[in-house]
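Take a look at the structure set out below.
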């Protein structure tokens, strides 16, 4: 239940931020990820909660909630860890290789991370429910995932790509096999 509350709270912050941004004339959007700048590093934490208008927000909110709820059913710790890993990997990757003088905002990196987490979790866990969940995600969001990796003006394929990498990394880290291997490594 607490995991569901966290997902709902993050979506609420996105909406409140966009309402405030509209009132402030778009000034909050400047707090996104600006590649290879000191200010841009802080944007890694803020960017997923900022959007370029309500259309952008709506297009991220629906898959964020659907996949976030699926992950949150595994508990608060799981959804929190997946979210943090995806935000950090997506943000750092965008900060490192994104085009100079751009400002990346939006939750699509998180959405891509959630999707690849759900897609790959079943492969790592070898669990029927996880495999079925991954198949449903592939059917519902697979086309959007593939098209979101194609370079397109004004769209950060870097955030999408590194969000996807973060999702796979989170799935591997949280899988039973990943935890066993990690615990077996001598100090």
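The values are calculated or read from the model by the stated rules, or taken from the named source; none is laboratory data. What you see is a predicted model, and the numbers here were worked out from it, not measured in a lab. All Cβ positions, even for glycine, are placed from backbone atoms using ideal geometry, and neighbour counts span all protein chains on display.
Considering the conditions (1) closer than 23 Å to residue 19 by Cβ; (2) touching a strand residue (DSSP E or B) at 6+ places or on another chain (Cβ under 8 Å), residue 94 is excluded by exactly one of them, (1).
Scanning region 123-134 for residues that are more than 17 Å from residue 69 (Cβ to Cβ) and within 19 Å of the chain's Cα centre (by Cα) turns up nothing. In region 106-117, the residues that are on the phi < 0 side of the Ramachandran plot and buried (at least 24 other Cβ atoms within 10 Å of the Cβ) reach residues that are modelled with pLDDT under 95 and not in a helix (DSSP H, G or I) with C-beta atoms within less than 9 angstrom, at least six apart or across chains, in these pairs: 108/155; 108/156; 109/156; 112/149.
Any idea which of 116, 94 is modelled with pLDDT of 95 or more and under 14 Å from residue 172 (Cα atoms)? Spell out the reasoning first.
Numbers: 94 fails: under 14 Å from residue 172 (Cα atoms).
On inspection, the qualifying residue turns out to be 116.
Can you tell me which of 32, 53 is touching a helix residue (DSSP H, G or I) at 6+ places or on another chain (Cβ under 8 Å), over 28 Å from residue 130 (Cα atoms) and in contact (Cβ under 8 Å) with a residue 60 or more places away in the chain? Talk me through it step by step, then tell me what you get.
Details: 53 fails: in contact (Cβ under 8 Å) with a residue 60 or more places away in the chain.
Residue meeting the stated conditions: 32.
The residues on offer are 65, 76, 81, 41, and the sole one that is under 20 Å from residue 140 (Cα atoms) and in contact with a helix residue (DSSP H, G or I) (Cβ under 8 Å, 6 or more places away or on another chain) is 65. When the criteria are applied in full, residue 80 fails the requirement of being farther than 21 Å from residue 155 by Cβ and either touching a strand residue (DSSP E or B) at 6+ places or on another chain (Cβ under 7 Å) or crowded, with 18+ Cβ neighbours inside 10 Å (or both).
Selection of region 11-70 for residues being on the phi > 0 side of the Ramachandran plot and surrounded by 15 or more Cβ atoms within 10 Å (Cβ to Cβ) yields an empty set. Go through region 130-154 and report how many residues are surrounded by 15 or more Cβ atoms within 10 Å (Cβ to Cβ) and touching a residue at least 24 places away in the same chain (Cβ under 8 Å). Selection size over region 130-154: 6.
Condition (residue is under 17 Å from residue 109 (Cα atoms) and not in a helix (DSSP H, G or I)) applied to region 9-32: is it met by at least one residue? Yes, some residue in region 9-32 is under 17 Å from residue 109 (Cα atoms) and not in a helix (DSSP H, G or I).
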